Amino acid sequence: MVLDSKHIERLLEKYDNGETTLKEEQQLRDYFAQDTIETHLEPYKPMFQYFANTKQETFTKDVPLKTKKRSYIYQWISVAAVIVIMFGVFMQFNNPSPKTIDGLSEEEQLAYNQAKEALNLLSTKFNQGTSNASVLGIVGTQFDKGAEKVEYVSEFSKTTNKILKKPNKENKNK
Amino acid sequence: MTQADFVNIVMPFKDKVFRLAKRLLVSKEEAEDATQEILLKLWNNQEKIEDYKNVEAFSMTMTKNFCLDRLKSKQAQNLKIVHSNYQDNNTSLQKQVELNDSVDWVSKIIEALPEQQKIILQLRDIEQYEFEEIAEMLEMNQTAIRVALSRARKTIREQLTNTHKYGIR
């Protein structure tokens, strides 16, 4: 398709003003891709040729894409942990209700009763011991009271001394 | 998402990412590194990819931001600007050679443009995106894009006509 140069000139003016559509720009590119073009339009040729050349350039370097395998492992570990916890909680709640003495075998009941008696014995003896200890406490308080009384006595003797001394002094002065 | 799925999504625009990176970073190696990094970022955020309506537009935005950051960062001070196909500007008689020279010249002119214009020119004239798409990628309004594009095109045209005139005679 040969476009007349008038049309191209009009397009170029629009092009310079940034008003061309992509279609019109394609027309321009096609025109300047030809071998023979009007001489006065020659200056534009390298520009369009440059655009065309540049578009051929490609990115050839490889990009090492690493899959995130590690993070998957961590995900599975967390899943496993959750399962373990859930299992534990499940077992806790699923346990049969706490055992009563009736549920035990005879031997176990016997052992339980023996242990209970022994412990009872121990506790009665222990209570006796504490009552004896309380007697000691009473003794202690009585002793304190006695000590207080002794103090009164000593206080009394001090005042009597004072009274006894004074008449002595008066006698001397006379 | 498997690797194959990811590659299928990324395939259509990975070259575009690379070319935009190269437009901004100039050196091919830098652009390759940037592209690699961006694809890896996409891969690492693959769960999110499905949430984005337009992965391609999102990737282009990411590329733009990444490259601009790169340019600003300290690393950019060590960034080499490599003209991979630099040629001495001898006046050659053969027309084909001369044309190649001026094609190189175009790339140099574009290199000198402000970054914003570079990006827009790249997205429009090379990748041929609609203005709507470019507006989405750059978060700009369409009028501003047209203005920047027009400026870029005029700059290139003017500089080309100048060298064309002097180049022949």
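Each reported figure results from applying straightforward, stated rules to the coordinates on display, with no laboratory input. From a predicted model like this one, the values you see are computed outputs, not experimental measurements. Every residue, glycine among them, receives a Cβ derived from its backbone with ideal geometry; neighbour counts consider all protein chains shown.
General remarks:
- Reducing segment A:9-69 and segment B:1-50 to their Cα centroids gives an inter-centroid distance of 22 Å.
- Per-residue ellipticity at 222 nm computed for chain A from its helices equals -26500 deg cm²/dmol, with DSSP H segments shorter than 4 residues left out and the rest contributing -39,500 (n - 2.57).
- Counting only other chain Cβ atoms within 10 Å of each residue's Cβ, the peptide B:137-146 averages 1.
- Averaged over the residues of A:133-142, the number of partner chain Cβ atoms lying within 10 Å of the residue Cβ comes to 0.
- Shielding by partners for peptide A:14-27, expressed as the average number of C-beta atoms from other protein chains within 10 Å of each residue's C-beta, is 4.
- Overall, the ratio between the Cα radius of gyration of segment A:1-91 and 2.2 N^0.38 Å, rounded to two decimals, is 2.48.
- Note on segment A:5-56: Rg/Rh from Cα positions, Kirkwood definition for Rh, rounded to two decimals, is 0.94.
- Value of relative contact order over chain A, rounded to a whole percent, pairs C-alpha under 8 Å and six or more apart: 9 percent
- Gap separating the Cα centres of segment A:114-170 and segment B:107-163, nearest whole Å: 110 Å
- Chain A - convex hull of alpha carbons, volume per residue in Å³: 645 Å³
- Residues B:LEU20, A:LEU11 in ascending order of nearby Cβ atoms (within 10 Å, fewest first): A:LEU11, B:LEU20.
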